[in-house]
Amino acid sequence: MMIFHVDCDAFYASCEELRNPNLKDKPLAVGGLSNKSIITTANYKAREFGLHSAMPLFMAKKLCPNLTILPVDHPYYREKSKEVLSIVKTYGEKMEEVSIDEAYLLVNMAKFGLSPYKLAKRIQREVYLKTQITISIGISYNKFLAKLASDWKKPMGITEIKKEDLDSFLPDLPLNKVHGIGSKTSKKLNDIGIYRVADLLKLDRSFLEESFGKQGSYIYKVIRGIDNRKVTPNRKRKSIGKERTLSKNTKDLDELKLILNSLSGQVESYMADKDISGKTLTLKIKEDNFKVHTRSITFQEPIYSKEDILRESISLLKDTLGHRPLRLIGISLSNLNPRNLDQLSFL
Ligand code: TTP
Ligand code: MG
């Protein structure tokens, strides 16, 4: 078995180029339209000017005055993502979607009678022919290395990392290229003179564990090519909800708002763990006579933040609350989808 990590090239920008082909050879960024916002991505032409994801728009414009900027259109990208990933999925035993444009695929090579490289080529070609989206593929024997490999050569790259190649891929790697080392950890490590994987390799396991806990032991292992995480197909959950039976029946709005506040926080953190968002919010209440009422609202754009969930559930509560006190209150989000990176909420 091999693990393939598939990642679409300049995904949002490529989607936009598809429906407007004359943008293809021009620098293009997708992002918010006010100067304070950031760009979510840039096509490869714009990257020649130094543009990258999460760059403030004003900076992008300064570096690249001829930049075309388009607003984000999630529903369209999600559609394209489904097209791409449903093709990729046919090649694997299992697929795990990680974000809108990437997935891990567990591949049984024996089925194909091809080298991993040739199979990756075939997947690339089929995806391109059917969707006009280009993808890069990383191939290895674990998730960490497969992900590293897909990022190695882009766009349209195929990179395989074998056990014997570890020394040529890992030691020179800067910390920010190690998936799982965030900017905070990276900064702490820089403070003690660690800049590359080669420096990290000199640190004891116990030191890393004492300094960074679980993450420390993860780092210790992955930079040695050890990663036992399985490819886990995304469970199709229909909804995510939390409810609470009240210690004392009440219809006091302020008291109920406090409970909604805590429930919204719990739903938010669950959504964050799974990296998903939901389009439909449902409020459920049970009155002191055990009568249950539910009320739902479906949004144009999916939500996942505590603030959004709380605000909307309070407004549902105001519409639902009658004159009877409640003995239970709950909220749930359904119509779930993988979400994208956090920055999007600022656009
Ligand atoms: P990435 O795969 O990180 O980037 P990309 O596909 O644009 O470019 P690459 O060829 O290097 O893979 O992210 C996928 C999409 O997610 C991207 O097109 C836009 C969105 N995104 C954000 O909204 N914010 C971000 O900070 C990043 C990194 C991506
Ligand atoms: Mg990508």
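The values are calculated or read from the model by the stated rules, or taken from the named source; none is laboratory data. Computed from a predicted structure; not experimentally measured. Backbone-built Cβ (ideal geometry, glycine too); neighbour counts: all protein chains shown. In case anyone asks, the SASA skips ligands and DNA or RNA and just uses the protein heavy atoms, side chains included. Shrake-Rupley method; radii C 1.70, N 1.55, O 1.52, S 1.80 Å.
General observations
- Test: residue in the stretch 285-298 that is more than 30 Å from GLU102 (Cβ to Cβ) and open to solvent by less than 30 Å² (accessible area, probe 1.4 Å): yes
- Looking only at the stretch 8-53, residues that are more than 16 Å from TYR76 (Cα to Cα) and of a type in the set (Phe, Trp, Tyr) come to 2 in all.
- The set of residues in the stretch 80-139 being within 12 Å of ligand 1 (Cβ to nearest atom) and more than 13 Å from VAL6 (Cβ to Cβ) consists of LYS80 alone.
- All of (1) within 21 Å of THR232 (Cβ to Cβ); (2) of a type outside the set (Gly, Ala, Ser); (3) surrounded by fewer than 22 Cβ atoms within 10 Å (Cβ to Cβ) hold for LEU166 with one exception: (1).
- For LEU105, the conditions (1) of a type in the set (A, V, I, L, M, F, W, C); (2) in contact with a Leu (Cβ under 8 Å, 6 or more places away or on another chain); (3) open to solvent by less than 40 Å² (accessible area, probe 1.4 Å) are fulfilled apart from (2).
- Selection status of LEU63, touching a residue at least 24 places away in the same chain (Cβ under 8 Å), open to solvent by 40 Å² or more (accessible area, probe 1.4 Å) and more than 16 Å from ligand 2 (Cβ to nearest atom): no
- Of all residues in the stretch 144-155 being open to solvent by 10 Å² or more (accessible area, probe 1.4 Å) and more than 12 Å from ligand 2 (Cβ to nearest atom), the one that is farthest from TYR44 (Cα to Cα): LEU148
- Residues in the stretch 203-243 that are touching a helix residue (DSSP H, G or I) at 6+ places or on another chain (Cβ under 8 Å), surrounded by 15 or more Cβ atoms within 10 Å (Cβ to Cβ) and assigned to a helix (DSSP H, G or I): LEU208, GLU209, SER211, PHE212, GLN215, GLY216, ILE219, TYR220, VAL222.
- Here GLY180 clears all of (1) at pLDDT 95 or above; (2) more than 16 Å from ligand 2 (Cβ to nearest atom) except the condition numbered (1).
- Scanning the stretch 181-194 for residues that are touching a residue at least 12 places away in the same chain (Cβ under 8 Å), open to solvent by 40 Å² or more (accessible area, probe 1.4 Å) and within 26 Å of the chain's Cα centre (by Cα) returns a single hit, LYS188.
- Test result for MET95, surrounded by 20 or more Cβ atoms within 10 Å (Cβ to Cβ) and touching a strand residue (DSSP E or B) at 6+ places or on another chain (Cβ under 6 Å): yes
- Elements of the type strands (runs of 3 or more DSSP E) sitting completely within the stretch 1-76 and holding at least 1 residues that are among the hydroxyl-bearing types (Ser, Thr, Tyr) and within 12 Å of ligand 1 (Cβ to nearest atom): these cover 39-42.
- Selection status of ILE100, farther than 27 Å from ASN20 by Cβ and either in contact (Cβ under 8 Å) with a residue 24 or more places away in the chain or among the β-branched types (Val, Ile, Thr) (or both): no
- Search result, residues across the stretch 1-60 that are within 15 Å of ligand 2 (Cβ to nearest atom), open to solvent by 10 Å² or more (accessible area, probe 1.4 Å), at pLDDT 95 or above and more than 19 Å from LYS80 (Cβ to Cβ): ARG47, HIS52
- Unique match (being modelled with pLDDT of 95 or more and over 28 Å from ILE100 (Cα atoms)) among GLU307, GLU312, GLU243: GLU243
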